[in-house]
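As structure tokens, the structure follows; a few thoughts come after it.
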Amino acid sequence: MKYNLTCLECKDTYSIDEIRFFCDCGGLLDIEPDEAEWNEIYKEKNFFQLIDYRSSRLNSGVWRYVDFIGINAKKRDIVTRNEGNTGIYKSGKISEFTGLDDVEVKHEGENPTGSFKDRGMTVAVTRAKQQNVSIIACASTGNTSASMASYASTAGLKSIVLVPEGTISRNKLSQAIAYGSRTVEIDGDFDKGMKLIIDGAKEGKLYPMNSVNPFRIEGQKTIIWEMLHQRRWQAPDWIIFPAGNLGNCSSFGKAVEELYNYAMIGKKPRLAGVQAKGANPFFLGFEKSFKEKFTVDAETIATAIRIGDPVNLPRAIRAIENTDGIVTQVTDNEIMNAKAIVDGAGIGAEPASCAAIAGLKKLVNDRVIGKNESVVAILTGHILKDTDSVISYHNKELPGIDSANANIPVKIKPEMKELDSLIKDLNKVE
Ligand SMILES: *Cc1c(COP(=O)(O)O)cnc(C)c1O
Ligand SMILES: [Zn+2]
């Protein structure tokens, strides 16, 4: 299949073989299949059968949808860790908390390095290897660095990660270091690191693995493909997710549009992005119908979405507009109390992921989402991605957080008498 790089802003196109991440006009680039060739190869095909066929041969929950991802790759090119294949769960506790009966969570924390970033990374690293690049780089709040470090080492590539000193979770930092990336702590926030990466990419000095890289966007579309495949192609009314650098929002919008155009789903689910109140430039823009652009100095306990100047803004605006979507915001207190419910349901996810559940509760409460509507929430990262915040929450040690749903650990002497009274107490709990 022939693909082109198409500028979002001026519609200029470039050859997919160029190593290029921005249009000459500065716009972001989309990967689009050549229309004539697409029609020739795919017009008569039954896509459901095609996916069944690929699924019988490929274990990766990304590469079985290869026909719908903008890359040509032979099996031997592919750098994969069998990413995807993540579960969908229903939970009475989450339904009760959000006030919505028909809510499912798709747990992207079940990916090999513990976040959805692996879906974009398998495609982007495969592409970097095809282009004979030797060093790849990213700025990261943590999960991109963990994922890139793992896939780079799997592929035998060198990698550089820029992380904000002090605000990255130790669990994520450990992954980047352990998987072998050259790990650089910068004296500045994520947005400063991101700017360095973009400037470096524009000057041709480095190969960026952040979601400005359109191959990341292509890979992350498979969250939606796989979710619909699991639901036997029954689209929910809404898809809700945390919104940071807006890569997922962009990918989800592109996936929904394509699935709808291929007539694989009968209706477009509406997208709902949830931001943390302290890192809410997308929400502020949404309130102004995106007629103004906002940037903020980001601050939130949900470090994965602690981003004040998201690079994918134009792609994400398109996604919200094309799906009649919305953007909302929640406080850190709401995020952490929602997290205690998600964790206590036995599912568990990192703080940023649980912004989606806090946002869902809010939107149901505000009657933006109706009681009879169906929702799939995307949990983006694993519960073990930020263990410090978990321990502090349950010990009621987080400043500004009321720990309303804390499960406070207790200490006893190693005596049967004390254990007996503890069991008696537990029996009384509903
Ligand atoms: C990267 C990340 C996000 C933010 O996703 P974007 O695509 O940048 O909006 C949210 N949650 C987790 C756990 C992440 O790792
Ligand atoms: Zn352009």
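The values are calculated or read from the model by the stated rules, or taken from the named source; none is laboratory data. Remember, predicted model here, so these are calculated numbers, not experimental data. Please note: Cβ atoms are built from the backbone with ideal geometry, for glycine as well, and neighbour counts cover all protein chains shown.
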Inset, instruction - For Arg81, state whether it is in contact with a helix residue (DSSP H, G or I) (Cβ under 9 Å, 6 or more places away or on another chain), assigned to a loop (DSSP other than H, G, I, E, B) and closer than 30 Å to Ser150 by Cα. - result: yes
Inset, instruction - Being surrounded by fewer than 20 Cβ atoms within 10 Å (Cβ to Cβ) and touching a strand residue (DSSP E or B) at 6+ places or on another chain (Cβ under 7 Å) is the filter here, so list the residues in region 73-90 that pass it. - result: Gly87, Ile88, Tyr89, Lys90
Inset, instruction - Check Ser421, Ser389 and return the single one that is among the polar types (S, T, N, Q) and within 26 Å of the chain's Cα centre (by Cα). - result: Ser389
Inset, instruction - Go through Leu173, Leu246 for me and flag whichever is at negative phi and either within 12 Å of ligand 1 (Cβ to nearest atom) or surrounded by fewer than 24 Cβ atoms within 10 Å (Cβ to Cβ) (or both). - result: Leu173
Legend entry - Those residues of region 22-48 which are closer than 20 Å to Asn210 by Cα and either touching a strand residue (DSSP E or B) at 6+ places or on another chain (Cβ under 6 Å) or charged (D, E, K, R) (or both), in sequence order: Cys23, Asp24, Gly27, Leu29, Asp30, Ile31, Glu32
Inset, instruction - Run Val296 past the list (1) without any contact (Cβ under 8 Å) to a residue 24 or more places away in the chain; (2) within 11 Å of ligand 1 (Cβ to nearest atom) and report the number of the one that doesn't hold. - result: (2)
Legend entry - Test: residue in region 226-233 that is closer than 24 Å to Asn143 by Cα and away from ligand 2 (no atom under 16 Å from the Cβ): yes
Legend entry - All positions within region 279-301 that are touching a Lys or Arg at 6+ places or on another chain (Cβ under 9 Å) and surrounded by 20 or more Cβ atoms within 10 Å (Cβ to Cβ): Ala279, Pro281, Phe283, Gly285, Ala298, Thr300
Inset, instruction - Filter region 5-28 for residues that are crowded, with 17+ Cβ neighbours inside 10 Å and without any contact (Cβ under 8 Å) to a residue 60 or more places away in the chain and give the result. - result: Thr6, Cys7, Ile16, Cys23
Inset, instruction - Answer yes or no: is there a residue in region 318-331 that is within 16 Å of ligand 2 (Cβ to nearest atom), at pLDDT 95 or above, outside any loop (DSSP other than H, G, I, E, B) and of a type outside the set (Phe, Trp, Tyr). - result: yes
Inset, instruction - Being surrounded by fewer than 24 Cβ atoms within 10 Å (Cβ to Cβ) and either not in a loop (DSSP other than H, G, I, E, B) or not aromatic (Phe, Trp, Tyr) (or both) narrows it down to one of Pro314, Pro310, so name that one. - result: Pro314
Legend entry - Matching entry among Ala304, Ala349 (being in a loop (DSSP other than H, G, I, E, B), within 13 Å of ligand 1 (Cβ to nearest atom) and either under 26 Å from Gly370 (Cβ atoms) or not β-branched (Val, Ile, Thr) (or both)): Ala349
Legend entry - Yes/no for Ala124 being within 22 Å of Asp17 (Cα to Cα), buried (at least 22 other Cβ atoms within 10 Å of the Cβ) and in contact with a strand residue (DSSP E or B) (Cβ under 6 Å, 6 or more places away or on another chain): no
